[in-house]
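The numbers here are math on the coordinates, done by the rules we state, and not lab data. Because the structure is predicted, anything quoted here is derived from the model rather than measured. Cβ sites come from the backbone with ideal geometry, for glycine too, and all protein chains shown count toward neighbours.
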Amino acid sequence: MNSTRWVAAGLIAVSLIAGTFSDTVRKNPTLMLGGYRVLSADFHVHSFPLSWATLAPWDTVLEAQRHRLDAIAITGHNHVWVAKVGSWFSYLIGGPTVLVGEEIVAPTYHLLAIGIDHTIAWRQPAAAAIDEIHRQGGVAIAAHPLFEYWAAFDATAMSKLDGAEVLHPLAYVRFPAYVQFQEFYARGRLTAIGDSDYHGLGPLGMCRTYVFARDNSPSAIVDALRAGHTVVYDRNGRSYGDPELIHLASQDPHFNPNQFDEPPPGFLVMLSRVTGVAGLLFLILFA
Amino acid sequence: MTSTTSTPASLPTLRVMLRPAASYQELSRLPVVSSKWLAVRRPLLFAFVLGCTVSFAASGRLTLRLVVPATIYAAFVAIIEVVALMAVRPRTLSKATSQSFCRSVDLFFSGFGPWLLWLLSFAAVWTFAAPVNAFRWAGPHWDLYVVGALALWSGYIDFCFFRYVFQTTPQRAARCLLMQRAISWTLAVIIFGGGPLRSEIVRSLGI
C-alpha cells in the first residue's frame, strides 16, 4: 500500500471509531397525559428493498430507536412483507412498536394503509382501497396530498378517509406544498399526521406525530389514529390536531414538541464526519 | 514496461476520469496481470463507499452499525455490474486481446470515479447541512439533473473502456455500453425500487 492509501485508511479508521462510539440510543421517558400514553411516531417509513430506500428493515428499526421514536409504520411501496420483517425484528429486540403498513402507490393517488395484514391492490379507486384498509382493521391516511392527487379523493373517498399528512418534508422545501397539505387537511374531519416519508436520508422522524393512545400496542395506536387523538407541530411553531390534546400538551412541562430537533453534534460526531469524508475522498481519487 | 506507464494496480481513478481514452489505450498495451483479487478490490471499494454514504446520510457519521450491513447490501449493485459486464464481454475478442476477466473487472470499475465522487458529495451534503437544507439541495428533483450529467460522463468513460480494453469498433463499443446499462440498471431499479414500478409505468403511459 502506498502512503496515500495509508492516510486514507487511517482517516477512515478514525472516523469509524469516533462514529461508532458516538452512536448511542436516546430513549424517551414514558409520558402520560390526561390518561393517555403520549407516543412519538412516524407512520411513513420505507425500507430496502423495492421502495427506493437504503436501510434494511432491521437497520430502520434501530435508527427509529436512535431518534427516540416510540412507534413507526413501515410502509412498503405496494407490499407489506418488508414491514412484517421489521415488525418481527423489533419484537425480538424489544424495540419501538412497528406497525405493518403499505404505501399504496396508484397512478392518481398515494395512500398509507396502517395496521393492515396483507397487500392491498393499487389498481382501484381511492374509496375502494380505503374500504379494503378498513376491512383489514387498518386506517387510511392520504400521503403527501399535493394538489395533483386531490382529484382522486372525491367526496366518497373523503368521507371514508381517516387522516392526512399535514406535515411532510416537502413542506419545508416547497412553500406551495406546505399550503396544499394544510388545505387538504382542512377539507374534512381528518386525523393530523406528520411523517418524514423516510427513505434513509436525513433524520428519521424529522416530521413526526404525537399519538395519544391507551398504550403502545399496535391496536391501541390504530384506535387512537381512528379517533383523531394526534398532535403535530411544524418548525414554524404551528400545531395541528385535536385542540384539547394540543392544550393538554402545552400545559405539561415534560412534553417536548420539538423532538425532531437533532442535538448539536459533539466532538466525536464532528471528528467522524471530517475524517470520514476526507478519507473517502483520498481513497476514491488515489485508489 | 517503461517507467512512464502505470500498472493496473496503481492506476489512479482520477486519470481514468479525466482522460479515459488515453488511459484505457495505455492500459490495453500493458502485459496481463492475473490475480483474482483484481476482480474483487474495486467492486469492494464501490460497495464500501456506497455503505459509507448510507451511514452518513442516515446518521451523519460513519458507524459500524450501518457501514457493515449497508456495504453488504450494496455489494448486490457491484455484483449486478459484474454480471452485466460478463454478459456483454466479447468472448472471441477478449482472447485476441488477452485480457483476463479479473483484469477487465478491475479496469471497468476504475471508471466508476464520477459515481463515487457523486456519492461522496451526496454524503457530505446530508452530513454537514441541516436536514431541511439537505432536502432542498440534494432532494429528488436536484438529483435528476446531476445523475443525468453523470450518466453521460460515465457513459463516455465506459465507451472508452469497451473501445480500447476490449479493442472493439466504435459501433460495437456503443452496443456493449447500451447492453451493459440496460442489464445492470434494469436489475438495480427492480431490486431497489420495484414495488411501485408497474403503477408508475401505468401513470407515465396514461393507460
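Placing one identical point scatterer on every Cα of region B:135-207 and ignoring solvent, what is log10 I(q)/I(0) from the Debye formula at q = 0.11, 0.17, 0.22, 0.28 Å⁻¹?
One equal scatterer on each Cα of region B:135-207 leads to -0.42, -0.85, -1.04, -1.16.
Compute the relative contact order of region A:28-265 as a whole-number percentage, counting only Cα pairs closer than 8 Å that sit 6 or more residues apart in sequence. Don't jump to the answer; show the numbers that get you there.
Numbers: 549 pairs, mean separation 46.1, N = 238.
Relative contact order comes out at 19 percent.
Springs between alpha-carbon atoms under 10 Å, Gaussian network over chain B: tell me which of B:PRO114, B:PRO170, B:PRO43 tops the mean-square fluctuations.
B:PRO170
Please give the calculated 222 nm ellipticity per residue for the protein assembly as shown, where each DSSP H segment of at least 4 residues contributes -39500 (n - 2.57) and the sum is spread over every residue; nearest 500 deg cm²/dmol? Intermediate results must be reported in sequence, preceding the final value.
Values: 21 runs with 268 residues, N = 494.
Roughly -17000 deg cm²/dmol at 222 nm, from the helical runs in the protein assembly as shown.
Taking the Cα centre of region B:35-205 as origin, work out the dipole magnitude from +1 charges on Lys and Arg Cβ and -1 charges on Asp and Glu Cβ, in debye rounded to 20. Let's see the in-between values first.
Details: 16 positive and 5 negative charges, 89 e Å.
Dipole about the Cα centre, nearest 20: 420 debye.
Tally Lys and Arg at +1 and Asp and Glu at -1 over the other residues with C-beta under 14 Å from the C-beta of A:MET158: what net charge comes out? Let's see the in-between values first.
Working: positive: A:LYS160, A:ARG187, A:ARG189; negative: A:ASP131, A:ASP154, A:ASP162, A:GLU183.
Counting the neighbours of A:MET158, the net charge comes to -1.
Treating the beta-carbon of each Lys and Arg as +1 and of each Asp and Glu as -1, no other charges, what is the dipole magnitude of the protein assembly as shown about its Cα centre, to the nearest 20 debye?
Numbers: 38 positive and 31 negative charges, 444 e Å.
Rounded to the nearest 20 debye, it is 2140 debye.
Over the Cα atoms of region A:28-265, what Rg and Dmax result, in angstrom?
16.1, 48
Taking Cα centroids, how far is region B:135-187 from region A:173-251 in Å?
With region B:135-187 and region A:173-251 each reduced to a Cα centre, they are spaced 42 Å.
Ranked highest first by the average count of other Cβ atoms within 10 Å around their residues, in what order do B:67-79, A:61-73 fall? Before the final figure, lay out each step's value.
Numbers: B:67-79: 18.9, A:61-73: 24.8.
By packing density, highest mean first, the sequence is A:61-73, B:67-79.
In peptide B:62-74, how many Cβ atoms from other protein chains are near each Cβ within 10 Å, on average?
Partner-chain Cβ atoms within 10 Å, mean over residues of B:62-74: 6.
Which whole-number percent gives the relative contact order of region A:64-187, counting Cα pairs below 8 Å spaced six or more residues apart?
Values: 234 pairs, mean separation 22.3, N = 124.
Relative contact order for region A:64-187 comes out at 18 percent.
Considering the zone a paramagnetic label at A:LEU268 would reach in this model (a point 7 Å from Cα along the Cα-to-Cβ line), which residues of region B:40-68 have amide N under 14 Å from it?
Taking a point 7 Å out along Cα→Cβ of A:LEU268, the residues of region B:40-68 whose backbone N falls under 14 Å are B:61-65.
Taking the dipole about the Cα centre of the protein assembly as shown, with the C-beta of Lys and Arg at +1 and of Asp and Glu at -1, give me whichever of A:GLN251, A:PRO169, A:ILE193 is farthest to the positive side.
Sorting the options by dipole projection puts first A:PRO169.
Tell me, Kirkwood radius of the protein assembly as shown from alpha-carbon pair distances, in Å? Let's see the in-between values first.
Details: mean 1/r = 0.0413 Å⁻¹.
Here the Kirkwood hydrodynamic radius works out to 24.2 Å.
Ignore the peptide's own chain and count Cβ atoms of other chains within 10 Å of each Cβ in A:47-60; give me the average, rounded. Working shown, then result.
Numbers: counts 0, 8, 8, 8, 5, 7, 3, 12, 9, 5, 0, 1, 8, 1.
Across the residues of A:47-60, the mean count of other-chain Cβ atoms within 10 Å is 5.
Taking amide hydrogens as modeled 1.01 Å from N in the peptide plane, which residues meet the under 5 Å criterion relative to A:VAL45, leaving out close sequence neighbours?
A:ALA73, A:THR75, A:TYR198
Of A:LEU285, A:LEU92, A:GLN65, whose Cα points farthest to the positive end of the dipole of the protein assembly as shown (charges on the beta-carbon: +1 Lys, Arg; -1 Asp, Glu; origin at the Cα centre)?
A:LEU285
In debye, nearest 20: dipole of chain A around its Cα centre with unit charges on the Cβ of K, R (+) and D, E (-)? Don't skip to the end; give the middle numbers.
On the way: 19 positive and 25 negative charges, 100 e Å.
Using only the charged Cβ atoms, the result is roughly 480 debye.
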